[in-house]
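Contents: one structure, followed by commentary.
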Amino acid sequence: MYKKISARYVLGFDGTRHTLIEDGEVVFEGDSIVFVGRNYQGPVDEDRDYGQSLVMPGLIDLDALADIDHLILDSWPSPDVAAGHLWSDDYFANRRRDVFTPSERATVREFALAQLALHGITTYMPIGSEIHSSWAEGLDELVDVAEISRRIGLRGYLGPAYRSGVHVITAAGDREVHFDEDKGLAGLRDAERFMDYAAGRTDPLVTGVLLPCRIETLSEDLMRETARIARERDALVRLHCLQSPLEDEFLQRSAGRGVLELLGSTGLFSTRLLIPHGVVINAKDPASSAPGGPLDLLARHGVSIVHCPLTSFRYQKQLVSFDRFREAGINLCLGTDSFPPDLVRGMDLGMHLTRMAEGRPDAGALADYFDAATLGGARALGRADLGRLSPGMQADITVVSLGSFGDGVIEDPLRTLVLNGTARQVTDTFVAGRPVVAGGVLPGIDLDALRAEAQRLFAKMRAAYSERDAQLREPDVLFPPTYPRADIADPIAVP
Ligand SMILES: [Zn+2]
């Protein structure tokens, strides 16, 4: 069955780079693209013209929020409540629990994956929050995620997150990582079993990967075992590190070595490694690119940096800079990491932060950012058939409308999208040739009902912060409203 889609703009791939085709056409059969260009003459069974739209490769999000967002709660704490967002050591030792039931957790996942799809993401590697779980993610939970992902039709690189340590605030108010090694190793066993499950499904849209939690929550043994299994199975590893100077401090205490040393000594550098976020490296410091410096090490080991501009920014961090990492030969890909999973806004912010970091208006080129969201992601995954529209490639396609009055004027369609718009202009997507988003909705999912249920679960999640706080403070104290809430029993008097 040959499907032809056409639009005012098509972003094709000429073998070397993305290239803009005006009044272009893409034809695919099954999961593969057979034609990109103009004046296609071959067979067509289904034909669709998207008009004033941009047809582009599907976006690849390698740190994709697969949860209800917590950034909206915890990215702006005042010093007196910041500690209350973590687990108290009493909660860790005596009262740890799952905030959600397995079926509620599945609803949360459906909500999050639906969000990814509606924001034009076609391939993703999930990130959940462990804060509202009794430890981390388990096998059953990820099997549920995989089934939801398959039902929606996204291409997922999945695995349960595991860790042997948790950040806690002690009664004295100190931040520490408390370890339970058995839980870490059990988590890794679940991760292996999930990889077996994924291999057994033989669904090209589900691939098992190793997704340990933040590096300072892993014991040295857990890192070493992760590296061994990754090499044995040729599996991808994504490891959050180089995102906070605290990591080195904690790791010196638990393992007697810092992040970069441990990546080398445990064998993680010799795996297919993805690292979100890299923001502790200052690439403007000449020492960072000197032989043996962090940029040199990352480049030499073929590490991909998952750059999440919007989330880093909201936690007061930025990559310094995207251009210098690129110039050092490091593969850059993008992630959203928190809500909204909007890589268009991410690219916009990232470009402008790069310009500021470099002090030049031509730094942080949009083409480089768009490459990261497509080709860079594909490269990190080792998939030369993703992230580009040309014959023989996977038909992973995102259609963005540029047809609304509010879009303003079109100069260059990508510039108009990124400077004037958001990923919510996505109207349609295809993954492996199958429609996922159609006309701005997800066929088969009642988005209103799903949103109402997610709102209920969010309230539950927000309330549960109180029981983890060492001082057991009320949610409205931990997360004060922007303005005080008016008491409706006592109407506001207008003088
Ligand atoms: Zn992250």
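The values are calculated or read from the model by the stated rules, or taken from the named source; none is laboratory data. The structure displayed is predicted, hence computed values, not measured ones. Every residue, glycine as well, gets a Cβ built from its backbone with ideal geometry; the counts of neighbours run over all protein chains shown.
Do we find that residue 28 is over 30 Å from residue 405 (Cβ atoms), assigned to a strand (DSSP E or B) and in contact with a strand residue (DSSP E or B) (Cβ under 9 Å, 6 or more places away or on another chain) in this structure?
Values: over 30 Å from residue 405 (Cβ atoms): yes; assigned to a strand (DSSP E or B): yes; in contact with a strand residue (DSSP E or B) (Cβ under 9 Å, 6 or more places away or on another chain): yes.
The answer is yes for residue 28.
May I ask you to verify whether residue 181 is at pLDDT 95 or above, more than 24 Å from the chain's Cα centre (by Cα) and either farther than 30 Å from residue 117 by Cα or buried (at least 16 other Cβ atoms within 10 Å of the Cβ) (or both)? Before the answer, list the steps.
Numbers: at pLDDT 95 or above: yes; more than 24 Å from the chain's Cα centre (by Cα): yes; either farther than 30 Å from residue 117 by Cα or buried (at least 16 other Cβ atoms within 10 Å of the Cβ) (or both): yes.
Yes; evaluated as a whole, the condition is true for this residue.
Determine if segment 38-53 includes at least one residue that is of a type in the set (S, T, N, Q), assigned to a strand (DSSP E or B), surrounded by 20 or more Cβ atoms within 10 Å (Cβ to Cβ) and modelled with pLDDT of 95 or more.
The first filter runs over segment 38-53 and keeps only residues of a type in the set (S, T, N, Q), leaving 39, 41, 52-53.
Now restrict to residues that are assigned to a strand (DSSP E or B): 53.
With surrounded by 20 or more Cβ atoms within 10 Å (Cβ to Cβ) added as a condition, the list becomes 53.
Checking the rest, the ones that are also modelled with pLDDT of 95 or more come to 53.
Yes, segment 38-53 contains at least one residue that is of a type in the set (S, T, N, Q), assigned to a strand (DSSP E or B), surrounded by 20 or more Cβ atoms within 10 Å (Cβ to Cβ) and modelled with pLDDT of 95 or more.
Residues are listed down the side, and each one gets a yes or a no for (1) in contact with a Cys (Cβ under 9 Å, 6 or more places away or on another chain); (2) touching a residue at least 12 places away in the same chain (Cβ under 8 Å); (3) assigned to a loop (DSSP other than H, G, I, E, B):
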position: 353; (1), (2), (3): no, yes, no
position: 357; (1), (2), (3): no, yes, no
position: 369; (1), (2), (3): no, yes, no
position: 373; (1), (2), (3): yes, yes, no
position: 386; (1), (2), (3): no, yes, yes
position: 391; (1), (2), (3): no, yes, yes
position: 398; (1), (2), (3): no, yes, no
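Within segment 298-314, restricting attention to residues that are buried (at least 24 other Cβ atoms within 10 Å of the Cβ) and either assigned to a strand (DSSP E or B) or at positive phi (or both), which residue is farthest from the ligand (Cβ to nearest atom)?
Out of the qualifying residues, it is 304.
Quick one: would you say residue 450 is touching a Phe, Trp or Tyr at 6+ places or on another chain (Cβ under 8 Å) and closer than 18 Å to residue 154 by Cβ? Give the steps one after another, and end with the answer.
Numbers: touching a Phe, Trp or Tyr at 6+ places or on another chain (Cβ under 8 Å): yes; closer than 18 Å to residue 154 by Cβ: yes.
Judged against the criteria, residue 450 is a match.
Take the conditions of a type outside the set (D, E, K, R) and either part of a loop (DSSP other than H, G, I, E, B) or away from the ligand (no atom under 16 Å from the Cβ) (or both) and apply them to residue 280. Does it pass? Reasoning before the result, please.
Details: of a type outside the set (D, E, K, R): yes; either part of a loop (DSSP other than H, G, I, E, B) or away from the ligand (no atom under 16 Å from the Cβ) (or both): yes.
Criteria met by residue 280.
At least 1 residues that are aliphatic (A, V, I, L, M) and free of Cβ contacts under 8 Å to residues at least 40 places away in the same chain in each: list the helices (runs of 4 or more DSSP H) lying fully within segment 54-130 that qualify.
Working: elements: 71-74, 79-82, 102-118.
The helices (runs of 4 or more DSSP H) meeting that bar are 79-82.
Of 321, 289, 338, which residue is under 28 Å from residue 115 (Cα atoms) and either within 16 Å of the ligand (Cβ to nearest atom) or not charged (D, E, K, R) (or both)? Quick ask: steps written out before the conclusion?
Numbers: 321 fails: under 28 Å from residue 115 (Cα atoms); 289 fails: under 28 Å from residue 115 (Cα atoms).
Checking each option against the conditions leaves just 338.
Of the residues that sit in segment 257-274 and are among the aliphatic types (A, V, I, L, M) and assigned to a strand (DSSP E or B), which one is nearest to the chain's Cα centre (by Cα)? Don't jump to the end; show me each part of the working.
Going through segment 257-274, the residues among the aliphatic types (A, V, I, L, M) turn out to be 259-260, 262-263, 268, 273-274.
Among the residues that remain, those that are also assigned to a strand (DSSP E or B) are: 273-274.
Working: 273: 15, 274: 12 Å.
Taking the candidates together, the pick is 274.
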